[in-house]
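**Q** Following this message is one structure expressed as structure tokens.
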Amino acid sequence: MPRKTTKKNKVTAKKTKVVVEPLLLQTIRGMKDVLPGEQLYWNKIRAVLDKSYPKYGFQRIDTPLVEYANLFVRSIGEGTDVIDKEMYKFSTKGRDRVALRPELTAGIARAYIQHGMNILPKPIKLFCIGPVYRYDRPQEGRYREHWQANFDIFGEKDAVMDAQLIQLAHSVLSSLGIKNVQFQVNSIGCSECRENYLDMLTAYFESKKRKLCKTCKARLKTNPLRILDCKEDKCVQVSTNAPQTVDHLCNDCRDHFKNLLEYLDELNLPYVINPQLVRGLDYYTKTVFEIWSLSDGSKKSLGGGGRYDGLIKNLGGEETPAIGFGLGLDRLVLEMKRIKAKSYEAPSPKIFIAQLGNLAKKKSLNLFAKMERNGILTAESFGRGSLKKQLRTANKLGVLITLIIGQKEALDDTVIIKNMITGTQEVVTQEKVVPSVKKMLKMKQMTIIKKKAKKK
RNA sequence: GCGGCUAUCGUCCAAUGGUAGGACAUCGGUUUGUGGUACCGAGAACCUGGGUUCAAUUCCCAGUAGUCGCCCCA
């Protein structure tokens, strides 16, 4: 009976707790913890990025998570979903209208102008990594807080930059083990040729208005370019015969696109021209691209970007051609998991220290410090008393050697070195522990190498 | 922002209109100073609120969250 009472008490106690603060123990919608088990992937991604950006001449920049809301409205554009429905906007105590950044480029562009980077030798290449925020409906691979890595190049209008950037993206993904990717590229032209094109496109869709879906009928007035991106069957059919941006570029834009394709061919990068690719940020000009994974049928892109030659000027800087792209890091993690890419293994200890008795515990603390000073990663379970328990733990950790100090060894200033594979053990003096362990580890490594060689 | 599906120990999965069982994991034990296997044991859960009912974890509704599709994007 007492058992029943305790259970009941627990239940009521818990209920009270929940009533007080029901959502205290829950991440808020669309936000997630990155637990230790997943950190391996994140470490790998960060390591690859840190290694890659300097190789291509990029410099790291960090900008605030919070900016004036208008910065994003001005750069991304009113009427886009990112601005109209997905922005985390709020007022500060000082009544400033601010927003959590929905992407990284706007802040970087702002920093470029604010700090007068235009006087620096061009091109200026900036790398940024951090969380961005979009108030969207969450699902797998799509979070309200997610991480992006951004590469932006300012001050060079040549299409060779576009190509190099795509190559950089390819190289990063490849280093992560993500090889089955395809670049979707398109050119949406500059502001001049786009105006002409939009007129033509609107005229075309107007003539086929009846065959369009509801939302697309609305888009005809707000943003006809987006109809090309509609997934509805009937709209896709109409879109197939629609005039394509690529065919209606001005001379300058056409040359630019042609050059880009030549460079991509030269680099032998896996790309297809996707005339339907539009992208939802208004600042893009000329080149736009997305990176799709082909490992399964999903259409979720791993990243994307494009040229934004007008953005800096539009924000009040001097006319500056620019191009950039962002990678969705959460999606990279998903992709790495899906293809079971080798993650960065956390270094696992090869040595375990077991102790028995108070004096031995003191000695083993010192021994642990000694191992650490010698760069030998060591595990312990000092909190446990019994040797059996400690060896069990050592075994679970998969260590190669366990160092045992008992009462006797503590008094003699010796240590038992136990080979966990053969089970054999020997007693050595404290001074000889480190060299002996190092020697044994070397031998182990040799045998592992030999085994691997044999397999090959 | 719209529509569908889902919600049980830390994890994965059961059962049930009368408050729940297993597996894995965790912790402890199988006599005192020796691991791996085996055996025994312990702790640990019905998302929240409302309704129907004598009684709801179970049925209904709402909320919340996750997931899928759309929209959009990374």
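Every number in this text was worked out from the coordinates using simple rules, so none of it is lab data. What you see is a predicted model; the values in this text were computed from it and never measured. Ideal geometry is used to build each Cβ from the backbone, glycine not excepted, and the neighbour counts take in all protein chains shown.
**Q** Calculate one ³J(HN,Hα) per residue across the stretch A:82-87 by plugging θ = phi - 60° into the Karplus curve 6.51 cos²θ - 1.76 cosθ + 1.60, and present them in order as whole Hz with x for glycine and proline.
**A** Result, ordered by residue: 4, 7, 6, 10, 10, 8 Hz.
**Q** What's the center-to-center distance, using Cα atoms, between the stretch A:415-445 and the stretch A:51-65 in Å?
**A** 45
**Q** Something else now. Within the stretch A:226-326, which trypsin sites (Lys or Arg not before Pro) sit in a loop by DSSP and count at most 11 neighbouring Cβ atoms inside 10 Å?
**A** Counting only loop positions with at most 11 other Cβ atoms within 10 Å, the trypsin sites (Lys or Arg not before Pro) in the stretch A:226-326 are A:Lys231, A:Lys299.
**Q** Once amide H atoms are placed 1.01 Å from N in the peptide plane, what residues at a sequence separation of 5 or more from A:Tyr271, or on another chain, have their amide H within under 5 Å of its amide H?
**A** A:Phe183
**Q** Is the stretch A:173-252 rounded, prolate or oblate when judged by the Cα gyration tensor, a ≥ b ≥ c being the square roots of its eigenvalues, rounded requiring a/c under 1.5 and prolate requiring a/b larger than b/c?
**A** oblate
**Q** How far is helix A:2-20 tilted, in degrees, relative to the longest principal axis of the Cα atoms in chain A, given as a value from 0 to 90 rounded to the nearest 10?
**A** 30
**Q** If you fit an axis through the alpha-carbon atoms of helix A:105-114 and take the longest principal axis of the Cα set of chain A, what angle between them do you get, 0 to 90°, nearest 10?
**A** 80
**Q** On to the next question. Taking amide H atoms as placed 1.01 Å from N in the peptide plane, list the residues 5 or more away in sequence, or in a different chain, whose amide H sits under 5 Å from that of A:Ala354.
**A** A:Leu403, A:Ile404, A:Ile405
**Q** Divide the volume of the convex hull of the Cα atoms of the stretch A:351-445 by its number of residues and quote the answer in cubic angstrom per residue.
**A** 86
**Q** Follow-up. Order A:136-143, A:177-184 from most to least packed using the mean count of other Cβ atoms within 10 Å.
**A** With the highest mean Cβ count within 10 Å placed first, the list reads A:177-184, A:136-143.
**Q** Each residue of the stretch A:347-363 in order: what ³J(HN,Hα) in whole Hz does its phi give by Karplus 6.51 cos²θ - 1.76 cosθ + 1.60, θ = phi - 60°, with x for Gly and Pro?
**A** My calculation for the stretch A:347-363 gives x, 9, x, 9, 10, 10, 10, 10, 9, 9, x, 5, 4, 5, 4, 4, 4 Hz in order.
**Q** Work through the residues other than A:Arg137 whose Cβ is under 11 Å from its Cβ and net out their charges, Lys, Arg +1 and Asp, Glu -1.
**A** The answer is +3.
**Q** Answer rounded, prolate or oblate for the stretch A:76-190, using the Cα gyration tensor with square roots of eigenvalues a ≥ b ≥ c: rounded when a/c is under 1.5, else prolate when a/b is larger than b/c, else oblate.
**A** oblate
**Q** Okay, next question. Mind listing the phi-derived Karplus ³J(HN,Hα) values for the stretch A:398-407, rounded to whole Hz, using 6.51, -1.76 and 1.60 with θ = phi - 60°, and x for any glycine or proline?
**A** Karplus values, whole Hz, x for Gly and Pro: x, 6, 8, 9, 10, 9, 10, 10, x, 4.
**Q** Beta carbons within 10 angstrom, averaged per residue: use that to sort the peptides A:64-72, A:440-448, highest first.
**A** My ranking of the peptides, most packed first, is A:64-72, A:440-448.
**Q** Still on this structure, I have one more. Long-range amide H contacts for A:Gly303: which residues qualify at under 5 Å (H placed 1.01 Å from N, peptide plane, sequence gap of 5 or more or a different chain)?
**A** A:Ile291, A:Gly328
**Q** Something else now. Given 25 °C and 0.890 mPa s, how large is the Stokes-Einstein diffusion coefficient of chain A in µm²/s, with Rh as the Kirkwood radius over Cα pairs?
**A** 92
**Q** For chain A, what does -39500 (n - 2.57) per DSSP helix run (n ≥ 4), summed and divided by total residues, give at 222 nm, in deg cm²/dmol to the nearest 500?
**A** Rounded to the nearest 500, it is -14000 deg cm²/dmol.
**Q** Between the helical axis of A:329-338 and the dominant principal axis of chain A, each derived from Cα atoms, what acute angle in degrees is found, rounded to the nearest 10?
**A** Helix A:329-338 sits at roughly 60 degrees to that axis.
**Q** Let's see if you can work this out: charge +1 on each Lys and Arg Cβ, -1 on each Asp and Glu Cβ, no other charges. What is the dipole magnitude of chain A about its Cα centre, in debye to the nearest 20?
**A** Approximately 3680 debye in magnitude.
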